[in-house]
Amino acid sequence: MSAELEPPIKRVKTFDNDSELCAKVIEQCKEGIEKSKRNLEPVLSDEFNDSLSLIKVYVGVTKDPKDLSKIVMILNEKIPLKELQHLKRVRKKEVILCPTNFIIGMSSIQEYIESNVVELKDVFQYFKELDVPYSPPKLKKQFKEYNKIWSCNFHPNAYLEKLMSGDFFTLTELNYHKTYMQIALEVSKWYLQNCSITSVEGNDVCKNINSVVIVDPIIQSVVAIAFDSRNSNPIQHAAMLAIDNVAKTQNGGVWFDTEVKETSDRTLSGIKEEIITHLKIKYPSVNFGARKFIRKKEKGVSSDECSGNEGDGPYLCTGYYVYSIREPCVMCAMALVHARARRIFFCLDNVLNGALKSKSKLQTISSLNHHFEVFTGFL
């Protein structure tokens, strides 16, 4: 099934209104998720999938292999390859001297050697230009490809290898993730059938709806739910409302004067009680509610008790999983960064302004002070 909602619409019967039509398409998506045999796909930096990039370097072929150790020691001191440290400097009798752009303004590599490392001016039989890998390999498959061109240094990352294996989640974990995404779809369907939903931008409702479900994986429980409300307020996207609903479970929140319900030791986020009842009936095996929030300095709670998960409430979405029908926009993605979410799952690409895959990959920007993992591929 396509990652867009439009294609399935063409295959269903005509309905009386957009909401009824969209509810039917949502049900098709839920069925598609249920039947899918695929594992979820991580959305990583382009460097994991980009074609091999090369840089042209000068290589010197030594006259006497016994001089290699001395040559390398001198070159590392006089002409260090700071940006190419992933490359081994020597391959058999060949030694990488420098990138070709180092000798701009000089007539030859021989002149460059005589100017910078005069002690090596007579140790090479001849010089040649070669293309070598510009960036270090991230995965074993890249290492094998790069190594065919020039010998590389490589330290495999077991987690990354598993992440890219196509079989990252176990069947049990996959079923959990599918269920939570189906709940997000069910939330939208419920709102369409029980509330007066109008188009956000004059297009049909199906192109604009979105719901978000936030889960605490430690207790396998739904902590917060939200449905897109941009027709009432342009910044009330589903993710923004969901974060606010998480805040309500932590004695915060700014939108909507809804009472937070408490059941035993768990707190339900401030959303319509009817939809919680509906979801509990629809998904009887799913837990709903957050751990009771306790501030670190709350009277009667010792510092030792505060250090553990049960005695120290999280900061917003710290450690939480977020399930969104649609790929978040930049605003929502940044809000999830600030909320410290651990993993983001989305079902449908947001071709126009998706911030995690379609238009950019915000989660790969190294300068951000928090990074979450992103997964898709439900359909």
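Which one of S285, S324 is open to solvent by 90 Å² or more (accessible area, probe 1.4 Å), modelled with pLDDT of 90 or more, under 29 Å from V43 (Cβ atoms) and out of contact with any Lys or Arg (no Cβ under 6 Å at 6 or more places or on another chain)?
Within the list S285, S324, the selection yields S285.
Identify the residue in the stretch 40-53 that is among the aliphatic types (A, V, I, L, M) and open to solvent by 20 Å² or more (accessible area, probe 1.4 Å) and, among all such residues, is farthest from the chain's Cα centre (by Cα).
Ranking the qualifying residues of the stretch 40-53, first place goes to L52.
One line per residue, one yes/no per condition, for (1) over 14 Å from F124 (Cα atoms); (2) assigned to a strand (DSSP E or B); (3) among the polar types (S, T, N, Q):
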{"residue": "K66", "(1), (2), (3)": "no, no, no"}
{"residue": "N76", "(1), (2), (3)": "yes, no, yes"}
{"residue": "I96", "(1), (2), (3)": "no, yes, no"}
{"residue": "S107", "(1), (2), (3)": "yes, no, yes"}
{"residue": "Q110", "(1), (2), (3)": "no, no, yes"}
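Working only within the stretch 142-178, note down all residues that are part of a helix (DSSP H, G or I) and open to solvent by less than 40 Å² (accessible area, probe 1.4 Å).
Across the stretch 142-178, the qualifying residues are Q142, Y146, L160, L163, L174, H177, K178.
Based on what the data block shows, is K56 open to solvent by 50 Å² or more (accessible area, probe 1.4 Å), under 30 Å from V187 (Cβ atoms) and outside any helix (DSSP H, G or I)? Quick ask: steps written out before the conclusion?
Details: open to solvent by 50 Å² or more (accessible area, probe 1.4 Å): yes; under 30 Å from V187 (Cβ atoms): no; outside any helix (DSSP H, G or I): yes.
No.
Being at pLDDT 90 or above and more than 22 Å from D46 (Cβ to Cβ) narrows it down to one of G319, G311, so name that one.
Details: G311 fails: at pLDDT 90 or above.
Residue meeting the stated conditions: G319.
Tell me, yes or no, whether the stretch 121-134 has at least one residue that is open to solvent by less than 30 Å² (accessible area, probe 1.4 Å) and either basic (K, R) or closer than 18 Å to D50 by Cα (or both).
yes
Give the number of residues within the stretch 78-93 that are open to solvent by 50 Å² or more (accessible area, probe 1.4 Å) and either closer than 25 Å to P137 by Cα or not in a helix (DSSP H, G or I) (or both).
Here the count works out to 8.
Could you tell me how many of the residues in the stretch 6-39 are at pLDDT 90 or above, open to solvent by less than 80 Å² (accessible area, probe 1.4 Å) and outside any helix (DSSP H, G or I)?
2
Return only the number of the condition from (1) open to solvent by 50 Å² or more (accessible area, probe 1.4 Å); (2) of a type outside the set (D, E, K, R); (3) at pLDDT 95 or above that V351 does not satisfy.
(3)
Name the residues in the stretch 22-67 that are free of Cβ contacts under 8 Å to residues at least 60 places away in the same chain and closer than 25 Å to V132 by Cβ, would you?
Passing the criteria: N49, D50, S51, D64, P65, K66, D67.
The values are calculated or read from the model by the stated rules, or taken from the named source; none is laboratory data. Every value quoted in this text rests on a predicted model; they were computed, and no experiment measured them. Reconstructed Cβ throughout: ideal geometry from the backbone, glycine too, with neighbour counts over all protein chains shown. Note: areas computed on protein heavy atoms with side chains; ligands, DNA, RNA excluded. Shrake-Rupley method; radii C 1.70, N 1.55, O 1.52, S 1.80 Å.
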